[in-house]
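The values are calculated or read from the model by the stated rules, or taken from the named source; none is laboratory data. Computed from a predicted structure; not experimentally measured. Backbone-built Cβ (ideal geometry, glycine too); neighbour counts: all protein chains shown. Surface areas here come from the heavy atoms of the whole protein model, side chains and all, with no ligands, DNA or RNA. Shrake-Rupley method; radii C 1.70, N 1.55, O 1.52, S 1.80 Å.
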Amino acid sequence: MKINDSERIANLEDNYNRPIFSLRISITNRCNINCLYCHHDGMMPSDDEMTPDEIYQILKIAKSIGIKKIRFSGGEPLIRKDIVEIIKKTALLDFKDISITTNGILLEKYAEELFKAGLNRINISFDTLDPETYKTITSKNYLNEAKKGILKAVEVGFDPVKINMVVMKGINDTEVMDMFEFSKNHGIILQLIELIKSDNCNDNSFTDKHHFDLDTLEEDLGKIATKVKTRQFMQDRKKYFVDNGEIEIVRPMDNTKFCENCTRLRITPEGKIKPCLLRNDNLVDIITHIRNGYSEDKIKNLFLKGINNREPYYVNNE
Ligand code: SAM
């Protein structure tokens with residue numbers, strides 16, 4: 001059943017009764033590493049980036065229609081020299097939560113400033129503690145920089161800090177417990193992410209060869225956990241409490257539950273609303289209209305159009 005725009009703003013949800021709380025905004029496609037598996041957050045290649053003011057205007061409208069949480073991503077968001085300014089401006093809008101996903105390489109330099117600017121949480125993509133494996137995955141030798149960045153984030157007071165580890169068979173699957181020890185020892189939550197197919201590899205051979213099914217691992221965690229929590233509005237992710245540490249399991253692939261509980265809209269670096277992670281045929285341009293001086297009301301309607309375009313995976317795959 002379609003819902004009208006005023007109903008939607010009163011209770012921000014899409015045509016499939018999924019509430020929308022959060023916005024993930026990709027602020028660049030540029031990155032300082034080149035991960036073997038990277039899906040680039042489902043973004044199309046483009047050199048276009050928005051200015052801090054344009055980002056602020058988009059977020060202001062997002063706030064006005066009921067978005068509560070903002071996550072910055074990329075590319076590598078810390079590669080932008082104006083990242084602290086972007087966070088400072090975002091903090092003026094008084095969201096419930098502002099977070100960032102980063103590879104951590106530039107975090108030692110920025111963690112303190114970002115914390116003071118009003119950033120609340122950090123997720124760091126970090127798949128291995130082994131320098132050779134790090135080089136294999138990222139094609140760069142920045143393991144120490146990333147590690148120092150992680151420790152700096154903890155030191156300046158971010159809480160929680162999470163490590164995102166994409167688990168890959170034959171590459172880093174034997175390191176899960178070492179990564180857990182490292183995380184636990186620094187009060188960090190470890191998120192184990194299932195590898196999904198990416199455009200970086202023009203066939204499925206990388207995913208087929210290295211896909212690691214997290215089921216068995218999850219079963220084992222279930223046996224030793226003192227507590228298990230299910231996070232409904234986070235795609236039903238399970239969080240396991242083990243030996244005074246925490247591990248979350250993230251399974252983003254073609255997953256009915258993932259879609260069913262998806263509460264997130266996305267913005268591409270070139271300023272388009274991206275309603276669904278795995279699609280690029282339902283984007284809604286907003287930046288052109290902001291640059292052309294459209295009123296806030298008109299931009300609000302474009303946001304609502306983006307929300308209208310959300311269509312869960314299971315609709316076409318039943
Ligand atoms: N540069 C930032 C970083 O490294 O966190 C943000 C961008 S990165 C694309 C965002 C997240 O997507 C990372 O946590 C990464 O591990 C995850 N990711 C990328 N490609 C993936 C894939 N093929 N399967 C599963 N997760 C993936």
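Within segment 38-53, being open to solvent by 30 Å² or more (accessible area, probe 1.4 Å) and farther than 19 Å from residue 280 by Cα holds for 51, 53. Of the listed requirements (1) in contact with a strand residue (DSSP E or B) (Cβ under 8 Å, 6 or more places away or on another chain); (2) in a loop (DSSP other than H, G, I, E, B); (3) within 10 Å of the ligand (Cβ to nearest atom), residue 72 misses just one: (2). Residues that are part of a loop (DSSP other than H, G, I, E, B) and of a type in the set (Gly, Ala, Ser) within segment 19-53 comprise just one, 46. The strands (runs of 3 or more DSSP E) falling completely within segment 189-247 that include 2 or more residues that are more than 16 Å from the ligand (Cβ to nearest atom) and either at pLDDT below 90 or within 25 Å of residue 170 (Cα to Cα) (or both) map to 227-231, 237-242. Checked against (1) open to solvent by less than 10 Å² (accessible area, probe 1.4 Å); (2) among the polar types (S, T, N, Q); (3) touching a strand residue (DSSP E or B) at 6+ places or on another chain (Cβ under 6 Å), residue 138 passes all but a single condition, namely (3). Applying the criterion of at least 2 residues that are modelled with pLDDT of 90 or more, more than 22 Å from residue 18 (Cα to Cα) and not β-branched (Val, Ile, Thr) to the helices (runs of 4 or more DSSP H) found wholly in segment 269-318 leaves 287-291, 296-308. Examine segment 97-111 for a residue that is part of a loop (DSSP other than H, G, I, E, B), open to solvent by 20 Å² or more (accessible area, probe 1.4 Å) and over 22 Å from residue 147 (Cα atoms), and state whether such a residue exists. Checked segment 97-111: no residue is part of a loop (DSSP other than H, G, I, E, B), open to solvent by 20 Å² or more (accessible area, probe 1.4 Å) and over 22 Å from residue 147 (Cα atoms).
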